[in-house]
Structure formats: structure tokens, C-alpha cells
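What follows is a short report on a single structure.
The values are calculated or read from the model by the stated rules, or taken from the named source; none is laboratory data. Keep in mind that what you see is a predicted model, and the values were worked out from it rather than measured. All Cβ positions, even for glycine, are placed from backbone atoms using ideal geometry, and neighbour counts span all protein chains on display. The protein model used for the area step is the full one, side chains on, heavy atoms only, and it has no ligands, DNA or RNA in it. Shrake-Rupley method; radii C 1.70, N 1.55, O 1.52, S 1.80 Å.
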Amino acid sequence: MIRTYKCRVKLSKPGHEALTKVFGMCATLYNACLESRIDCYKKTKKSRSYYDQCKELTEVRADAPEYAGISLQVFRGAVGRIDKAYKRFFKHGGFPRFKSRRRWRTIEINDQCWKMLKREGDKIVLKIKGLPQIEVKPSRELPPNSLLKSIRITRKALRTEVALSYDLPTPEKKPVTNPVGIDMGISKRMTMSDGNTVEKREINRKELIRRQRSVSRKVKGSNNWIKAVLLLAKEWQRVSDKERDYLHRLTAEIAKMYDFIAVEKLKTSNMLRNGRLARSISEQTWAKAVALLTEKAESAGGTVVAVNPRGTSQECSNCGATVKKSLSVRTHRCSCGYEADRDVNAALNILHRGLASITGGKLDIESRVVGRMREKQADVGPVRPRTVYVNLNT
């Protein structure tokens, strides 16, 4: 399994300037590769491959000393990036565009990475030919260098980061003893089948609005406009960092609590067409939460299964009957006598479908789990949501 460790770095002012120069050279090479592919197709109706352009890169390095003085792997990352852009174009559409030197912020290295990350006493240093020496400051112990597969150096608004990707052994799967179904929502970000909930995310936009208005008042392209844009980018990164940290802590806690997790396979692109709910839906970042949850569960030996969410809110988790109700109705009541919160009922249905997918339709595990839940409900009454995780803004 591939796991990425994001680390802050220590870099001098001349080092930042040297890195900026290399970013510009990568952008120039990317644009040259794109232009070469366009011209080749116009003349021959054929495209160039990644290997063809790597051969051209060797010729460029022979004629240009500034490119020859920098590691070949750095520029191969730029050539690989245009190759990925073309593959996405043929699969999903959206023709690759030329890149501005000012907007190129990433260097990607996918070959011989283990040679570049070195330990010097108590320090971990990234040494790449032609690039400034970068001191890496990891927040936790890194795996052995022999497992290192790729390095990404990214400049963000607040700082420069290094992402180290390792190919780690996959742990053995745990037996299913404590499963849970999770229903994604807007009023509650997550609702568990056992009644636990996660509060919705609400972004404090006061400072963002102030920064955005400052940008709007400036003349586009002026020095003051560039400064205002940078301040706005820094504020957005603070919001993003806070959300990322919260999601990591939240998904790690859920992965520790449950060994089997069933989630919804949502198509948020379709849901975002609703103009009234688009912002609320996008703020909850369901896809990112599921991706992190899958990663944490896999590392802990758990299992995450995505199921079709169609009808989970309308179906009774007790008897399977369909109970039609509008979105404003928040309580599920069935003729069989079962009553529960709408989202808890949906989470139970998601759990049923997830367990059925791994048992091939044999619901022995499910019957035991649901039986325990029914006994619990008989003692304490209908399941109601209760929040157990702190709000992001607290």
C-alpha cells in the first residue's frame, strides 16, 4: 500500500530563489513538450509518447548547460506530467493547457528517490543535483529509504512542503467484530448506525470575505493586487490546513473504533447541481473524508466498503418496507412499529448492504449485529443521534 508523509522543510532565502528558477525551467519544458505534441499531430496525425519526449530531453540537456546541471529525474517529472494530462484528456476530456512559470509550484521525482533522502546526524536532508539542499522536518518517524517511491516538492502560500510516498506492506485484515454504517449528510456530517454523529463543517468566512474584497478593489496585475492575492491564498490555506488536520484526527478515531465500515458511494458532481445546497455539500468534503477513512482503516487492518446509497433513507432497516418521506421529515416511522432518526435508519441500511457485499448475501454477521442493536433499542428506546466528536470550529 502507498502511504504519503507530508513534511515541512527548512530552506534559506537563496534556496527559495534557486527553487523558483527550477520551477520556471520545468514550466518551460512542459510547454515545449505540449507544443511538440500539438505540432506532431498536425503534421503526422500521430502523437508523441513519454519515451519519445524523454529522448528529446536528452538532446536538450546536451545543448543547454542550465538543464544539464540539474538532475534528469526533475525534468522527467515534468515530461511525465504532460503525459498524464494527455491520458486524462483521452479518458475524460479537457485538452492540456500551457502553464505559466508563475503558477508552476511542484517538482515530482519518481525514480531513484532512495538516493536523494539522506540522514546527516539528527537531520534528514534532501539532496538533489541542481536543487538547493532541503532540510526535511517530519512530524513522525519515516519508514526505511528502500521503500521510498516518489518525492514531491510543493510550494504553497504559507510554506514549502515535501511529500514522501512509501510502498509499505499491507497489514492482515481483521475479522469483522465491530462493524458500522455511515450516512453522509448536511445537517450532520456523518451519522453512524450506532447513533454516534459528527457535527457538520461550517467555515468562518469573515476573514476570507475581507481578503476577497481587498483583491477586488485592486487593479488586476498590479503589485498591490499580487500582494492581496497572496494574502487571500494564505488565508485559504489556513482554512484548508485546519480541515485536513481535523479530518485526519476524526478518521483515525473512527478507524480505531470499528473494524468494518460501510459508506455511501456518492456522486457529488450530480448533487452539486442543486444551487441551494451546493455550498453546504462542498463544505462537508465527503470524498476526502472517505479517502482518508479508507487509508486509515487499511493501515489498521480494517475494511471499508462503498455501497449504492439509492433508497437507503426510504427503506425500513427493520422490515425492509419502503416508507416514502420528503427531505424535511427527519424521523423514520414504519407500520412494523420501528421508529428511529432518519439518518440512523439510513446508516443501518448502508451497514446491511455493506455486510451483504462481503458475505455473498449470507447475513449471519449482519443478523448478529442487528440483533444486538435491537436488544439495545428495546432497553433504551428508539435510537437517536448523539454527537461524540468535537466540532471543527471549537
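Please go through region 150-161 and pick out each residue that is open to solvent by less than 50 Å² (accessible area, probe 1.4 Å) and either more than 15 Å from Val125 (Cα to Cα) or modelled with pLDDT under 90 (or both).
To start, the set of residues in region 150-161 that are open to solvent by less than 50 Å² (accessible area, probe 1.4 Å) comprises 150-151, 153-154, 157, 159-161.
Result: Ser150, Thr154, Ala157, Arg159.
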For strands (runs of 3 or more DSSP E) lying entirely in region 144-247, having 3 or more residues that are basic (Lys, Arg) picks out 148-155
Of those in region 116-130 that are in contact (Cβ under 8 Å) with a residue 40 or more places away in the chain and open to solvent by 20 Å² or more (accessible area, probe 1.4 Å), the residue farthest from Leu232 (Cα to Cα) is Lys129
Taking first residues from region 92-108 that are among the aliphatic types (A, V, I, L, M) and second residues anywhere that are part of a loop (DSSP other than H, G, I, E, B), the pairs with Cβ under 9 Å that are 6 or more apart or on different chains are Ile107/Ile128; Ile107/Leu131
Of the residues in region 102-115, those that are surrounded by 12 or more Cβ atoms within 10 Å (Cβ to Cβ) and either within 24 Å of the chain's Cα centre (by Cα) or modelled with pLDDT of 90 or more (or both) number 9
May I ask you to verify whether Pro14 is over 31 Å from the mean Cα position of the chain (by Cα), within 24 Å of Ala157 (Cα to Cα) and open to solvent by 30 Å² or more (accessible area, probe 1.4 Å)?
yes
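Here's the yes/no breakdown for (1) open to solvent by 20 Å² or more (accessible area, probe 1.4 Å); (2) more than 29 Å from Glu108 (Cα to Cα):
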site: Leu148; (1), (2): no, no
site: Lys174; (1), (2): yes, yes
site: Thr191; (1), (2): no, yes
site: Arg213; (1), (2): yes, yes
Review point. On the given criteria, is Ser139 in contact (Cβ under 8 Å) with a residue 40 or more places away in the chain and not in a loop (DSSP other than H, G, I, E, B)?
Key: no
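What tally of residues in region 128-178 results from selecting those that are hydroxyl-bearing (Ser, Thr, Tyr), under 30 Å from Gly354 (Cβ atoms) and within 22 Å of the chain's Cα centre (by Cα)? Steps first, answer last, please.
Going through region 128-178, the residues hydroxyl-bearing (Ser, Thr, Tyr) turn out to be 139, 146, 150, 154, 160, 165-166, 170, 177.
Remaining after also requiring under 30 Å from Gly354 (Cβ atoms): 165-166, 170, 177.
Then drop every residue that is not within 22 Å of the chain's Cα centre (by Cα), which leaves 165-166, 170.
Counting residues in region 128-178 that are hydroxyl-bearing (Ser, Thr, Tyr), under 30 Å from Gly354 (Cβ atoms) and within 22 Å of the chain's Cα centre (by Cα) gives 3.
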Answer yes if at least one residue in region 33-54 is assigned to a helix (DSSP H, G or I), of a type in the set (Asp, Glu) and open to solvent by less than 30 Å² (accessible area, probe 1.4 Å), and no otherwise.
no
Picked from region 233-270 (must be hydroxyl-bearing (Ser, Thr, Tyr) and within 30 Å of Glu207 (Cβ to Cβ)), the residue surrounded by the fewest Cβ atoms within 10 Å (Cβ to Cβ) is Ser269
If we ask which residues in region 115-134 are in contact with a Ser or Thr (Cβ under 6 Å, 6 or more places away or on another chain) and outside any loop (DSSP other than H, G, I, E, B), their number turns out to be 0
Within region 293-343, of all residues that are among the basic types (Lys, Arg) and assigned to a loop (DSSP other than H, G, I, E, B), the one surrounded by the most Cβ atoms within 10 Å (Cβ to Cβ) is Lys325
Pairs returned, first residue in region 165-181 that is farther than 29 Å from Thr197 by Cα and in contact (Cβ under 8 Å) with a residue 40 or more places away in the chain, second residue that is open to solvent by 30 Å² or more (accessible area, probe 1.4 Å) and polar (S, T, N, Q), beta-carbon separation under 7 angstrom, 6 or more apart or interchain, are Ser165/Thr4
If we ask which residues in region 62-84 are without any contact (Cβ under 8 Å) to a residue 12 or more places away in the chain and either in contact with a helix residue (DSSP H, G or I) (Cβ under 9 Å, 6 or more places away or on another chain) or basic (Lys, Arg) (or both), their number turns out to be 3
So Val219, is it in contact with a helix residue (DSSP H, G or I) (Cβ under 9 Å, 6 or more places away or on another chain), farther than 30 Å from Ser313 by Cα and hydrophobic (A, V, I, L, M, F, W, C)
yes
